[in-house]
Structures are given as C-alpha cells and as structure tokens.
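Reading through the structure tokens given below for one structure.
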Amino acid sequence: MTGQVSTMKGKGGSALNRITAMGLLITLGIVFGDIGTSPLYVMKAITGVNPGFDTDYVVGAVSCVIWTLTLQTTVKYVLIALRADNKGEGGILALYSLVKRLPVKWLYLVGAIGASTLIADGVITPAITVTSAIEGLRLVEPSVPVVPIVVVIICGIFLMQQAGTGQIGKFFGPFMLIWFTMLGVLGVCSIGEYSGIFRAFNPWYAVKLLIDYPGWFFILGAVFLCTTGAEALYSDLGHCGRLNISVSWIFVKIMLILNYLGQGAWIITHHSDAEMVNPFYGIMPGWFTIVGVIMSTGAAIIASQALLSGSFTIFSEAINLNFYPKLKIKYPSSEKGQLYIPAVNWTLLAGCLLTVAIFRNSSHMEAAYGLAITVTMLMTTILLTFYLRHRGVSRWICGAFLTVFALIEGVFFAANLMKFTHGGWFTMLIAGLVAAVMIGWRNSTRIRNTCIEYKNLGDYTGVICDIKKDREIPQYASNVIYFSRSGNENLIESKLIYSIINKQPKRADHYWIIHIENLDAPDTLEYSVKVIVPQTIYFVTLRLGFRVEPKVSVYLRQIVEDLVAEGSLDLVSTYPSLRKRGIPGNFRFIILHRIFSPSSSCHRRSSWLLRLHEWLRKLGISDQTSMGLDTSVVTLETVPLILNTTPSRRIIRSDSETVDDIPK
C-alpha cells in the first residue's frame, strides 16, 4: 500500500522550464550577484599587480577578462554545466549525486573538496564585496572609517537571514537590473576616452600579455576574479531554471564587458590616477560617486545574500549525502527552496568578521580571494567529465573537455597559488577544515553502518504478538515507533528486536517501524506502508527530498489518518475507560543511539574514525530534533556498537573441578 503525504512541486515549478519577463527579473536578483559585483575589484587588482603598466598591458588584461568570461562562464557553466541538473537542482553536490553510484570510489573526495572550497569562498566574498563598495566613500571623505561601517553592514546581512528574504528578495531583481544597466552605461561613457580598447576582443592581445610579461601568473590571479561567481550561477539552477539563467546571462555579460572596457579606457588615459583610485569609481562623474557607493553597497548585500543562501543549500545537501552531521534547519518563508541553518549562519559571520579583522582592506583581501574557488571549479570539471561520459558522450569529447578546462583552471590555480602566503592560506585553511569534517564524517558513518547486524523480522512477529497480549507486562504505550536504517521490511536491526523483546519487554497495541529514505530529488515527499501483522506491526517508508523539512511527527499523523480512513488501523485506545469514549491511544518514539564500545577489537584506523564520529556528532543536533519530534514523547536508548575485525582470545577455565566432580 502506498500513499503520498504531500506534494511540494510549488506553483512556480513549471515556470522554471519557460522564459518569462518575471523569471528573467528574478534570475537577475538571485543568480548574478557574485559575478555582477566583480567589476568592483577586478581591474583594481590587475593594475595593482603591475603599477608600471602600459597600454598593451591594459588591453591584454581586458582581453583576458573577456575571454575568461567567454570560455569559463559562458561555455563551461552556461552551455554545459547547466544541463547537468539533478531534477532541476544544480551545484557541485547535486552534480556529485548524479555520479556517486559510478564504480569510482574516490569521487566522494572530489565532491567533498569542491563543496568545502565553495564554502570558503562564501566566507570571504561578503567581506571583499562590501569593503570594496564602502571604500568608494574615501573619494568623497578620505577619513571615512571603512572597517566599522563594513562590520555593521556584514552583521546586518547575517542578522537578516533569520527572518528570510522572501519579501526583500522581490526587490533584488529590479535593483540588479538597475545595477547592470548602470555598469553598462558607465562603461559606454568611458570607452570614448580610448576607443582602442576594443582591440581587447582579439584574443591575441591576451596571449601577447602572457608572453611579454614575466609576472603573468600574478596577472592571471587577478583576472580570475572576474569569473568567481560562475560556480554560484550553477548552484542557483534550482531557483531559476536553465533557460532563464542562459538568457539573462546574455544581458549580464554584455553589461559586464562594457564596464570592463570602460575601466580599461579610463586606466589608459588616467595612468597616474589609476594607482590611487579604484577604476570602478574612476569612471563615474564626481557628482555620481555617492550614488555609485550606495548602488555598490546594495549589490554587495545582494551578492552576499545569494552566497549565504547557496551555503545553506550546500550544507543541507551535504547532510542528506552523509557528508555532515545533522544540523537544525529552519524554513523562514514559504518561498520554494528557502532555508536557514543557524549554525552555518553564525559560523560564516564569524569567518567574515575575522576576514575583515585580518585583512582590513579590499586590496589585501584580493590576495586571499580566488584560490579556493579555482579548486571548486577543477572539482566541477572532473565531475562533469564523469557525468558526460555516463550520459553517453564519446570518450574523445569527454577527454577534450577535461583537457581544455583542466588546463585553463590548472593555470588559474597555479596563478592563484602564488598568492598563498599573501592570504590564500586563509581560505584554504577554512576549506581544509570543512573538507576534513565532511570526509571524516562520511567514512566513519560508512564504517558504523557496516557494523549493524540485521535479523529477519518474520522470526520474531510471533513473540511480539504474544507480548502485545501479555497483560502481565505493563503497557509501554499504545503505539511504539522505532526508526530503522533498513529499507527492507523483512530485515530489521538486531538491537531494535532486542529493545522490544529483551531489554524491557514493550507491550503496545501497535508497533511502527519507520525507515527514512533521503532522496537526491529536491522536493519529493511520499510514503509507503507494509502491514507486517494486521493491527499490530507496520513498516513505513518515508521518501524525503533534500529540500523537504523532516517533520516526522506531522507526516506520521497524516499516515495514521489515511490508515484509519481505509480501515487498516484501529487507533482507539485499548484501555476500557478510554475506549468507550473513543479516545485514541498515545504514541512514543524510541531512538536507538549506538555508542562505540571500548570492548571493540578492530584496526586502529576504524577505531580512530569511530571515535571521531562520536566527537563530530557534537557539531550537529540530536536525532529527535533533526526529525522534528516532540521530545516529550521520545525515549533515547543507548546501545553498544561493537566492532570485531581482529581475532580475540577466549577465556579459559583454569580450575580442575568440573560440575560432576563437585560433592553432592
């Protein structure tokens, strides 16, 4: 018997598959915040690499920017990666979900490393974008205290997450439309100062720059900043859909390139000023500077908001993929896909404030920016190659794809690696810590799962039915609910059987065994029921998408209502005083918590990982909280997890007398 608790496709689900004016506007506000704020610091970073630049240097640098946006963002992400969706969802973990069943054992390392470096990028992006925007105030008032203002704005961004951005988000699209239009108009107005800047469309000038300048590694490290938002673009696939993102990108790319061309022309004609003034603000008329700072700050806030939402999604997916301990997830609004993870929010806030405290200004932050995201892009390239091959694309095409983009990103990685001691160590340290947790949790969880012993439930149904009828045993509850890792109703954990029969015989009217199946699909919310013994034992499978809030108590109540309605369940209490009044029986959940036993005899690595698992559990929340259970009706039973993989000695009886020798 199967049923469906609820359907969560959302009213806008079908809208993702078609292009609409509203869809394009929303896409501008959600997807392009990160890449759209790159003009704030890219050309500034490029001129900072080589203060003695000449015209060819600037033209070549702008050419590098144009072709990086074309090859890296347009070709790899917009034309290829956006087609690799997991039931409409994008991002590196959604991509990993599509290939995780391939017989390649190390792919989980690629997914974990890529996700952790993307999180590290989310720590520094709010800091650098907000700082770059506020530094524009120094053109009006040189003594303005930038750091305190940045700290206040960043704190405001993170505090805002608690209430959700459902209402505020409606203004993101129109604001970003104005922002990109402003970028394009300012660029066009400045291009006239040096029309030769159009030579940047010729890729030869990019190649010439890399040949002529010995410090080309540092130049590429600065150029790469123009495409750091490409990974976030892919991650937001589930919010806006491929078509809306692809069409919106045409407008966004044109506006970005116009602005970069305008900044390049201004730098060439204002060589001395370019060393002191951010070219982004240099192309603005003096009277427009305050407006530019306000717009830049707003765009920085939107970019930060988008990255935070992406970080919440990454951790939510990581939890479902067993890459991370369970965390408390809230849903602050009814907007599809909106979630909020308090622990992640406050940790990222601490990371952002630490970034501001360490680096102080955007020039120093640029040294830390870019290294981590190049690793994410390399990991995405590897996963995309396996995905394309899995989908039947020829080996030659897959090989060419891997070669081209691994070479491009490998060069960018090497270039950014030159900045390691200047700040790149900071983001790599953050990424390393997150990756260590993900890999450690995943491996330790797999070891724990191999230690679970399963027994045939059919061998024990007779005993359980007898316990139900035995009035000598105090009734534990009308309905007792257990959670099982087994998706097979015939095979149940031995500790679960032991809890019902041996540990404390639990007499109940009904025994429920619930198996929660976390799916790669984002919005699935379904259940199925197997009646093992009519009116006594029920096996329920909940199939939950990774964007579905796990309210197990609510879902079980809905399932019970369905069973009562169809006559498969008599929910009325068996206590005579309650039954004559039609009062339903009570429910009690029992959660078995497996604790690694010191009596285990196993290899040192397994022992270390299992102890690490116990420590990492403290980073997350309890099982009852993660499943949305009322703690007043939950009993937590601890059971030993014993792992014996090495031979153990058996104790030998040493006394000479046997039972027969003892005098009667």
Accessible heavy-atom area order of Y575, Y108, highest first, probe of 1.4 Å
Y575, Y108
Calculate one ³J(HN,Hα) per residue across segment 415-423 by plugging θ = phi - 60° into the Karplus curve 6.51 cos²θ - 1.76 cosθ + 1.60, and present them in order as whole Hz with x for glycine and proline.
5, 6, 5, 5, 8, 4, 6, 8, x
With angles folded into 0 to 90 degrees, how steeply does helix 371-390 sit against the dominant principal axis of the chain? Use alpha carbons for both and round to 10.
60
In Å², nearest 10: area of K469 left accessible to a 1.4 Å probe
150
Residues with amide H under 5 Å of I514's amide H, sequence separation 5 or more or different chain, H placed in the peptide plane at 1.01 Å from N; which?
Y482, F483, S484, V540
Which whole-Hz couplings ³J(HN,Hα) result when phi for each residue of segment 225-239 is put into the Karplus expression 6.51 cos²θ - 1.76 cosθ + 1.60, θ = phi - 60°, listed in order with x for Gly and Pro?
4, 6, 10, 5, x, 5, 5, 5, 4, 5, 5, 8, 4, x, 7
Over all pairs of different Cα atoms in the chain, the reciprocal of the mean inverse distance gives a Kirkwood radius in Å of 27.7
Could you sort the peptides 121-131, 64-74 by per-residue average Cβ neighbour count (10 Å cutoff), highest mean leading?
121-131, 64-74
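Kirkwood hydrodynamic radius of segment 41-142 from all distinct Cα pairs, in Å? Display every interim value, and only then the final one.
Numbers: mean 1/r = 0.0580 Å⁻¹.
About 17.2 Å, per the Kirkwood formula over Cα pairs.
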Step by step: find N for segment 344-492, compute 2.2 N^0.38 Å, then divide the Cα radius of gyration by it. What's the final number?
1.80
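If eta is 1.002 mPa s and T is 20 °C, what Stokes-Einstein diffusion coefficient results for segment 483-527, Kirkwood Rh from Cα pairs, in µm²/s? Write out the running numbers ahead of the final one.
Details: Rh = 12.5 Å.
Stokes-Einstein gives a translational diffusion coefficient of 171 µm²/s.
So, counting K/R as plus one and D/E as minus one, what does the shell of residues with Cβ under 9 Å around T228 add up to? Provide the component values of the computation, followed by the final result.
On the way: positive: none; negative: D34, D121, E231.
Taking every Cβ under 9 Å from that of T228, the sum is -3.
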Evaluated at q = 0.25 Å⁻¹: base-10 log I(q)/I(0), Debye formula over Cα of segment 182-275:
-1.30
Ordered by residue, what ³J(HN,Hα) values in Hz, to whole numbers, does segment 435-448 give under the Karplus form 6.51 cos²θ - 1.76 cosθ + 1.60, where θ = phi - 60° and Gly and Pro are x?
5, 4, 5, 4, 5, x, 5, 5, 5, 5, 5, 5, 5, 4
Cut-off under 5 Å, modelled amide H: who pairs with I341 long-range
K330
If I take every Cα pair under 8 Å that is 6 or more residues apart in segment 160-272, average their sequence separation and divide by the length, what percent do I get for the relative contact order?
57
Heads up, I need the accessible area for L378: 1.4 angstrom probe, whole protein in place, Å², nearest 10.
40
Ranking F180, A81, S568 by how far each Cα lies towards the positive end of the charge dipole of the chain (+1 on Lys and Arg Cβ, -1 on Asp and Glu Cβ), the top one is S568
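Cα convex hull of segment 25-70: mean projected area in nm², to one decimal? Numbers along the way, then the final one.
Working: hull surface 15.2 nm².
So the Cα hull casts an average projection of 3.8 nm².
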When ranked by the protection proxy of mean other Cβ atoms within 10 Å per residue, highest first, what sequence do the peptides 368-377, 277-286, 450-459, 428-437 form?
368-377, 277-286, 428-437, 450-459
Nonlocal amide H pairs with N50, under 5 Å, H built at 1.01 Å:
none
Among A299, L159, I514, which residue has its Cα positioned farthest towards the positive end of the charge dipole of the chain, with +1 placed on the Cβ of Lys and Arg, -1 on the Cβ of Asp and Glu, and the dipole taken about the Cα centre?
I514
Peptides 409-419, 495-505 ordered by average Cβ neighbours within 10 Å, highest first
409-419, 495-505
Using only the Cα atoms of segment 350-420, construct the convex hull and provide its projected area averaged over every direction, in square nanometres to one decimal.
5.8
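The values are calculated or read from the model by the stated rules, or taken from the named source; none is laboratory data. Every value quoted in this text rests on a predicted model; they were computed, and no experiment measured them. Because the Cβ atoms are built from the backbone with ideal geometry, glycine has one as well, and the counts that use them run over all protein chains shown. Surface areas here come from the heavy atoms of the whole protein model, side chains and all, with no ligands, DNA or RNA. Shrake-Rupley method; radii C 1.70, N 1.55, O 1.52, S 1.80 Å.
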